[in-house]
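A short write-up of the structure that comes next.
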Amino acid sequence: MIDKIKESIAEAEAFEAHTKEEIEAFRIKYLGKKGVLNAYFAEFKNVPNEQKKAFGQVINQLKTTAEEKVNTLKEVLESKEEVKGIYGDLSRPGEPIAIGARHPISLVKNQIIDIFSRIGFNVSEGPEIEDDWHNFTALNLPEYHPARDMQDTFFIQTDPDILLRTHTSSVQVRYMENNQPPIRTISPGRVYRNEAISSRSHCFFHQVEGLYIDKDVSFADLKQTLQYFTTEMFGKSKIRLRPSYFPFTEPSAEVDVYWGLETEIDHRITKGTGWLEIMGCGMVDPNVLENCGIDSKIYSGFAFGMGIDRIAMLLHQIGDIRLLSENDVRFLEQFKSAL
Ligand code: DAH
């Protein structure tokens, strides 16, 4: 009888199961009311007294073996189910990824690029750390030229020849040095000026430079291009050009767009005049063409430069320029619905 029980122990030890049902069947077979264990217990009374101790020990051994088996099999199965729980249904759709928002500067920049690309302008870029030649000298601003003071410059202390560009006009120079006409390019980018930071001005901001060089380019072409731009950008086609001065253009002008005086905001942003200044422009000075290796007897052209931040503030009713560089998500999130 003892041998038979030992066989049962070996059998129970070797048992393997993969489902809950198999484990339960095993439990019933060994530990259930009518199970193997109870059957052996029932035999107990027939066992001679001197064998009772040994008999009891093997039965107990069978009991613990069967119980432990049930427990370990259950644990293995549960841990497998846990893993399944982590990965779940792999064919399920994923977690939605939160959609970000474009920065208002990028929105306006992309809009400007889009408008000019429709009339054949490409996009060019230059470095923000610039040398004196590209930022000043080649643009008809030789050393000691008083107009250098129009823009307070950040110089790199160890080298007076290296500076943070004060305008994107420096890209004009680079582009003309490397490309012959016909040229139609716009150059967006960040510029730096040593100015006190306030709600209306910052020590860095963004500009878009435009350059058109070809044979027989006239001031009328410039005016027409600007009018196309303001119509597309602001839905306003009435512009005026006020004579102005820039060293790199002759003649030079400042461009105002007629914004209107319909609302209180119109009054505020145009200071009650209805007109809003949006950029500087002019016919590229022959000296600049020559400085950049373009024959000014054959070619002529126009250039213009505008501030992106100002336009973004205008279009999106942003009252403080500092908001554009503070990266406050509460501010930035408001542009989610914009293109
Ligand atoms: N560079 C000028 C500025 O930063 C803007 C400008 C004026 C650019 C006239 C031009 C131009 O190309 O023709 O204030």
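Residues of the stretch 57-78 with backbone nitrogen within less than 19 Å of a virtual label 7 Å along the Cα-to-Cβ line of Asn38, please, listed as ranges.
From the stretch 57-78, the list is 59-68, 70.
Could you order peptides 153-160, 299-306 by the average number of other Cβ atoms within 10 Å of their residues, highest first?
299-306, 153-160
How much of the DSSP bridge set in the chain is antiparallel, in percent, rounded to the nearest 5?
Details: 43 of 45 bridges.
Rounded to the nearest five, the antiparallel share is 95 percent.
Go through Lys6/Lys52; Lys45/Lys69; Lys109/Lys271; Lys238/Lys271; Lys4/Lys53; Lys33/Lys80 and tell me which ones have a Cα-Cα distance over 21 Å in this structure.
Distance filter (> 21 Å) returns Lys45/Lys69; Lys109/Lys271; Lys33/Lys80.
Rank these by accessible area, largest first, 1.4 Å probe: Lys20, Lys33, Lys45, Lys223.
Per-residue accessible area, sorted high to low, gives Lys33, Lys45, Lys20, Lys223.
Just want the answer: with Cβ charges of +1 for Lys and Arg and -1 for Asp and Glu, which residue in Ile86, Phe331, Ser300 is farthest toward the dipole's positive end in the chain?
Of the listed residues, the answer is Ile86.
Heavy atoms only, 1.4 Å probe, whole protein assembly: order Asp114, Asp256 by accessible area, highest first.
Asp114, Asp256
Please compute the per residue accessible area over the chain with all protein chains in place, 1.4 Å probe, rounded to a whole number of Å².
58
Provide the per-residue ³J(HN,Hα) series for the stretch 148-155, in order, calculated from phi with Karplus coefficients 6.51, -1.76, 1.60 and θ = phi - 60°, each as a whole number of Hz, with x at glycine and proline positions.
For the stretch 148-155, the Karplus-derived couplings read 4, 6, 4, 10, 6, 9, 8, 9 Hz, x marking Gly and Pro.
Carbon and sulfur together cover what percent of the accessible area of the stretch 159-318 at a 1.4 Å probe radius?
On the way: 3380 of 7100 Å².
So the carbon and sulfur contribution to the accessible surface is 48 percent.
Using a simple spin-label model with points 7 Å from Cα along the Cα→Cβ vector, what separation in nm is obtained for Lys6 and Lys80?
In this crude spin-label approximation the distance works out to 3.3 nm.
How much length would be gained if the chain were fully extended between Asp161 and Glu232, taking 0.36 nm per residue of separation minus their Cα-Cα distance, in nm to one decimal?
Once the chain is fully extended between Asp161 and Glu232, it gains 21.6 nm.
Please list, ordered by chain and number, the residues whose modelled amide H lies under 5 Å from the amide H of Ala253; skip anything fewer than 5 residues away on the same chain.
Ser244, Cys281, Gly282
Kirkwood hydrodynamic radius for the chain: how many Å is it when counted over pairs of different Cα atoms? Numbers along the way, then the final one.
Numbers: mean 1/r = 0.0377 Å⁻¹.
Mean inverse Cα-Cα distance, inverted, gives 26.6 Å.
When the accessible area of the stretch 2-87 is computed with all protein chains present and a 1.4 Å probe, what percentage of it is carbon and sulfur?
On the way: 3300 of 6210 Å².
In the stretch 2-87, the share of accessible area belonging to carbon and sulfur is 53 percent.
Compute the relative contact order of the chain as a whole-number percentage, counting only Cα pairs closer than 8 Å that sit 6 or more residues apart in sequence. Please list the in-between numbers first.
On the way: 517 pairs, mean separation 55.1, N = 339.
Averaging sequence separation for qualifying contacts and normalising by length gives 16 percent for the chain.
The values are calculated or read from the model by the stated rules, or taken from the named source; none is laboratory data. Note that this is a predicted model, so its numbers are computed, not measured. With ideal geometry, Cβ positions are generated from the backbone for all residues, glycine too; neighbour counts draw on all protein chains shown. Side chains included, ligands, DNA and RNA excluded: accessible areas come from the protein's heavy atoms. Shrake-Rupley method; radii C 1.70, N 1.55, O 1.52, S 1.80 Å.
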